[in-house]
Each structure stands twice: as C-alpha cells, then as structure tokens.
1. Tell me whether region 113-120 contains one or more residues that are free of Cβ contacts under 8 Å to residues at least 40 places away in the same chain and part of a helix (DSSP H, G or I).
2. Can you tell me which residue in region 195-211 is surrounded by the fewest Cβ atoms within 10 Å (Cβ to Cβ), limited to those that are within 15 Å of F135 (Cβ to Cβ) and without any contact (Cβ under 8 Å) to a residue 40 or more places away in the chain?
3. Looking for something in contact with an Asp or Glu (Cβ under 8 Å, 6 or more places away or on another chain), at pLDDT 80 or above and small (G, A, S) - is there at least one such residue anywhere in region 106-115?
4. Which one is farthest from E118 (Cα to Cα), of the residues in region 155-192 that are of a type outside the set (A, V, I, L, M), in a strand (DSSP E or B) and touching a Phe, Trp or Tyr at 6+ places or on another chain (Cβ under 9 Å)?
5. What's the number of the condition V164 fails, among (1) at pLDDT below 90; (2) under 17 Å from A95 (Cα atoms)?
Amino acid sequence: MILAILAIAYAVYSNASLSQNLTALDNASRDVSTTGKDISEAAKDLSQKIEAIPTKLESVETRIAETNVLVRQFSEKPNLPTPTPDERKAISEVADLFINRAGTGALLAINLCLFAYETRKPFDIRVLLSESSFFTVDYAAGILGTMDAAGLISTNINRTEVSVTDLNENLKELSHSVIKERIDSSFNEYFSKSLQENVYVELSKIEDYFK
C-alpha cells in the first residue's frame, strides 16, 4: 500500500516536472523563433543598405564633380578692362542693392571677402568650407562668382587659392560687427535653432582662419 502511494506521488511529481520542462522548452523555442526572425529582418535591412551604397556613392561623385566645375568657373574669369566712371557708378548702385538685400549666405560671403581683403590672406573654399553644412562650397562659389562678375570684388586666382585684391568702396565701409548684426536679423521662420548654430559655427570658422 505504501509503495502504491509512493508510486502515485512520484508519478504526479514527474508529470508536474515534465509539464514545467515542456513549458520551458516551448518558451525557449519561441525565443529562438523570435530571435531568428529578428536576425532575418536585420539581414534583409543590411542587404538593402548595401544595395543602396553604389547609388549614394554615385550621388557623392556627382556633387564633387559639380563643385569642381563651379570652383573652376569661378577661377577661370577673363581679364576685364578697367570700368568707366559710369560703370563704377552702376557698380556702386549694385553694391548698395546687394548689401541691402543680402541674405544669410551672401552676408557670410561678404564677411569672408572682407577678412581676405584686410589680411591679404588667400583661401581655398574647398578646404575652408569642406565641412560646412549651410555655407557650402558650391553655394559660396556661386555667390563669390556673382560678386566678382558684378565688380563688387576683385580676385586673383593661384590654382585653387583665391586672394581678394580689392573691394567695392561700399563693402569696405562695412565692419564685421555690422555684418554679424545683419546675420542675426537675417534669420526667419525657416531657420531652426540648429541651423542658426551652424551659421555661427561657420562664421567663427571663417574668423579663426584669418586670425
């Protein structure tokens, strides 16, 4: 009788243990299945990213090529004759309009030219602005090329280095503090806090270069 009771008790205990083991095994199996699914999705995502790399590289190469063309166009300017008095007057009027209507990027370009003229220190915009997120190389090349073509600045190009040899009188009258105030007031609702901070970083970078 005692042996029978012990056998029954052992059978109940064994069934309970077996049930617990089966439950644990089922949970482990589910964990393995979930992990396997996560690995599969991660591998798929990685594969998509790898496939996208050539396209992104082509985009970077295109941007580099476009930037090189802009810089070359800026540096390859023809020798222009000395402007006549009437042309100087027109240039002065253009300079006034340019200064009064200058946005944030144009003000950074004016500040750059003013520093370069005051210090007589040449600069390479591809190096100086290589990490800029707002005042980028192609953006700066476009503005500087426009200023040069309009007679607002005179430059001398030595390979990739630009020297500002002269400024329009209207630009010479500007001070860096005035330009800074103008930049402060140029921000509108499209300028996020981080973008404004980027502009100030680039402003400081330009100033530090010409110290």
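The values are calculated or read from the model by the stated rules, or taken from the named source; none is laboratory data. As the structure is a prediction and not an experimental result, all values here were calculated from the model. Every residue, glycine as well, gets a Cβ built from its backbone with ideal geometry; the counts of neighbours run over all protein chains shown.
1. No, that holds for no residue.
2. Here the residue is D208.
3. No, that holds for no residue.
4. Step one: of region 155-192, the residues of a type outside the set (A, V, I, L, M) are 155-156, 158-161, 163, 165-166, 168-170, 172-173, 175-177, 180-182, 184-192.
If we keep only those that are in a strand (DSSP E or B) too, we end up with 155-156, 158, 161, 163, 165-166.
Pick out the ones that are also touching a Phe, Trp or Tyr at 6+ places or on another chain (Cβ under 9 Å) and you get 155, 161, 163, 165-166.
Numbers: T155: 13, E161: 16, S163: 11, T165: 9, D166: 9 Å.
Applying the filter and picking the extreme gives E161.
5. The single condition V164 does not satisfy is (1).
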